[in-house]
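One structure is given below, encoded as C-alpha cells.
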Amino acid sequence: MVVKKAELEMLRMMIEAPRVGVREWARRLGIARGTAQARVKRLEDAGVIRSYRPVLSNVALGMPVLAYVRVNVSQDRLEDTFTDLEQIPELIELNSVAGDVDLVCRVVARDLEHLEALLQRIIRTKGVRQTRSEIVLRRRFGTRVGPLVDSLIAEAD
C-alpha cells in the first residue's frame, strides 16, 4: 500500500492526540467521522497501524537499567535459541541483524547486579556463542515516528 497524504495526515493526528478518538480526529481534520474511520481502517488493514498498546516506562516499572546485548549464535541452532531467549521477560526486544553479530537484544534490569544475572542467563542459553553488551547511559529520545510522518507528508505535496 502506498500511503496517501490523507492517511498520513490522519496518522499525524493520531500521534499528536492518541486518546481523543475518531470523532475528534475527524473534527480537527475537517472531515466526516465515517471518512476518518475508513482511513484508520485502511491503515490497520495495510499493517501501517500495528498496535494500540500503551508505551510503558521501564524506569517507572522499576527497571531503570537499559542495555543492548549483541549476540553471536550457532547457525544450526537459530530457531531454538530464539525460542529460549523469548523466555527471558526482561529481554524486551530481539532483532536478527546483518553484520558482526547475529542478534541485537534490548534488555531492562533493576540494577547492575540484575543486569549481570540476565547477561549470564543469555550466555548460558543453548546456541549462544558470544555476547557483547552496551549499557545505555541516558536515552536521548525513544522510538519516534512523528518526524517520519511529517517528512512523508512534505514529500506528498
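Only one of these conditions is not met by residue 31: (1) open to solvent by 60 Å² or more (accessible area, probe 1.4 Å); (2) farther than 21 Å from residue 144 by Cα. Which number is it?
Checking residue 31 against (1) open to solvent by 60 Å² or more (accessible area, probe 1.4 Å); (2) farther than 21 Å from residue 144 by Cα, the one that fails is (1).
Hey, can you tell me all the residues within the stretch 105-125 that are under 16 Å from residue 72 (Cβ atoms) and not charged (D, E, K, R)?
105, 119, 122, 123, 125
Tally the residues that are assigned to a helix (DSSP H, G or I) and open to solvent by less than 80 Å² (accessible area, probe 1.4 Å), restricting the search to the stretch 13-27.
So the answer is 7.
Contact list please: Cβ distance under 7 Å, first residue in the stretch 109-124 and under 13 Å from residue 89 (Cα atoms), second residue surrounded by fewer than 13 Cβ atoms within 10 Å (Cβ to Cβ), pairs at least six apart or on different chains.
Close Cβ pairs (under 7 Å, with a partner that is surrounded by fewer than 13 Cβ atoms within 10 Å (Cβ to Cβ)) amount to 110/62.
In the stretch 40-49, which residues are assigned to a helix (DSSP H, G or I), over 13 Å from residue 2 (Cα atoms) and touching a residue at least 12 places away in the same chain (Cβ under 8 Å)?
Once the filter is applied, which keeps residues that are assigned to a helix (DSSP H, G or I), over 13 Å from residue 2 (Cα atoms) and touching a residue at least 12 places away in the same chain (Cβ under 8 Å), the stretch 40-49 yields only 40.
Keeping to the stretch 1-12, report how many residues are aliphatic (A, V, I, L, M) and in a helix (DSSP H, G or I).
Number of matching residues: 4.
The values are calculated or read from the model by the stated rules, or taken from the named source; none is laboratory data. Note that the coordinates shown come from a computational prediction; the quantities given were computed from them, not determined experimentally. Note that each Cβ is placed from the backbone with ideal geometry, even for glycine, and that neighbours are counted across all protein chains shown. Only protein heavy atoms, including side chains, enter the accessible area calculation; ligands, DNA and RNA are left aside. Shrake-Rupley method; radii C 1.70, N 1.55, O 1.52, S 1.80 Å.
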